[in-house]
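Structure record follows, encoded as structure tokens.
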Amino acid sequence: MNEQDRFDALLDDALNELPLAPLPPTLISNVMAQIAPAPAIEPFRLRASDIWLALTAAFVVACMLFSPLTFVNILTEMSIPELGTMTENIRGDWLGFSILLVLAEIVLGIVVYAGISFSSLSWQGFEAR
Amino acid sequence: MQIDERLLIQRAQRGDTIAFESLMQHHAQFVYNVALRTLNNQREAEDLTQEAFVRVWKALPKFRADAQFRTWLYRIVTNLCYSRLPRLKNDLNALDTDDKLELADTGQRVETRLLNSELKDQLSDAIKQLPDGYRLLITMRHVQGMSYAEIAKAIDMPLGTVKTGIFRARRALRTALAAYLNEL
């Protein structure tokens, strides 16, 4: 074996035995985090329990709103003369205000429901892409 | 390609992340070492390795089962090295092919000798001093044990360029280590 061959053999051995640098410990988990499927969001679906819950809530709110009217009626029945026309005005104004509030609540519920349904559909469309 | 690896690839192509993780476990250290030796920077090598595997995952459905996975993987790694080291491809292209060069593609040597750690340290330092292209070639050849033909496919260069590059890289290493090797 001449000098050149001896060099080559040593170089080969040295190159083949070069130690491998250890893999950074977080490398594989970082890649896995990047390729993991995005968490699927359950699309919102209206269930019977949602309707019952909404109706119960509406009933409770309506009761709260109409309770002052009951109080005015009681005062009227007690025939306190000072209240006179004032109770009539209160009844008229409060009734209108209460009806308006209940209507506003229903409209708000519809808007919120439509909003959630729309965003669920949009997300499903995004997922499909 | 081993049967196990082929099965893992098929499962990963169907979206099985566990199978892909196993594939990655098998190749990541070699990919990282090729990147580390080529870029000479730990942080960049880590970034490149991560990016390479994310690209592999995305492109895996298009991978043909009859192709060599390792060659395909290193093609992605090399393309990322090209984008990070803009001169690398030009340097490799500039290697003129030496037709008289006859390098036997005998693969890895089976016998190993006990080499002292000082020589390994000297060699590691000498490799760091090599030009980028030589570092890439010598690492693929000796760390990953790839054949010349496989390297040529992976880096998308003619076989002659690969042989010339490795020959010159070894010559440069021999020169750098001459004094030390003479003492052995």
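The values are calculated or read from the model by the stated rules, or taken from the named source; none is laboratory data. Since the model is a prediction, treat every value here as computed from it, not as a measurement. Cβ: placed from backbone, ideal geometry, glycine included. Neighbour counts: every protein chain shown.
Can you say whether B:ALA172 is small (Gly, Ala, Ser) and more than 14 Å from chain A (Cβ to nearest Cβ), as far as the supplied structure shows?
Considered against the rule, which asks whether it is small (Gly, Ala, Ser) and more than 14 Å from chain A (Cβ to nearest Cβ), B:ALA172 comes out as no.
Of all residues assigned to the stretch A:46-66, at least one qualifies as being at pLDDT below 75, surrounded by 11 or more Cβ atoms within 10 Å (Cβ to Cβ) and not in a loop (DSSP other than H, G, I, E, B).
Residues that are part of a loop (DSSP other than H, G, I, E, B) and either within 14 Å of another protein chain (Cβ to nearest Cβ) or within 21 Å of B:ARG37 (Cα to Cα) (or both) within the stretch B:86-98 comprise B:ALA94, B:LEU95, listed in sequence order. Residues in the stretch B:130-146 that are more than 11 Å from chain A (Cβ to nearest Cβ) and under 15 Å from A:ALA14 (Cβ atoms): B:LEU130 alone.
Within the stretch B:2-85, considering only helices (runs of 4 or more DSSP H) that don't extend past its boundaries, which have at least 2 residues that are within 14 Å of chain A (Cβ to nearest Cβ) and under 21 Å from the mean Cα position of the chain (by Cα)? Talk me through it step by step, then tell me what you get.
On the way: elements: B:3-13, B:17-39, B:42-59, B:69-84.
Once the helices (runs of 4 or more DSSP H) in the stretch B:2-85 are filtered for at least 2 residues that are within 14 Å of chain A (Cβ to nearest Cβ) and under 21 Å from the mean Cα position of the chain (by Cα), what remains is B:17-39, B:42-59, B:69-84.
Could you grab me the full set of residues in the stretch B:1-32 that are β-branched (Val, Ile, Thr) and over 16 Å from B:ASP66 (Cβ atoms)? Correct list: B:THR17, B:ILE18, B:VAL31. Of all residues in the stretch B:46-97, those satisfying the criterion of being of a type in the set (Asp, Glu) and loosely packed, with under 15 Cβ neighbours inside 10 Å are B:ASP66, B:ASP96. Mind listing whichever residues of the stretch B:148-184 are surrounded by fewer than 16 Cβ atoms within 10 Å (Cβ to Cβ) and in a loop (DSSP other than H, G, I, E, B)? Residues satisfying the conditions are B:ASP156, B:PRO158, B:LEU184.
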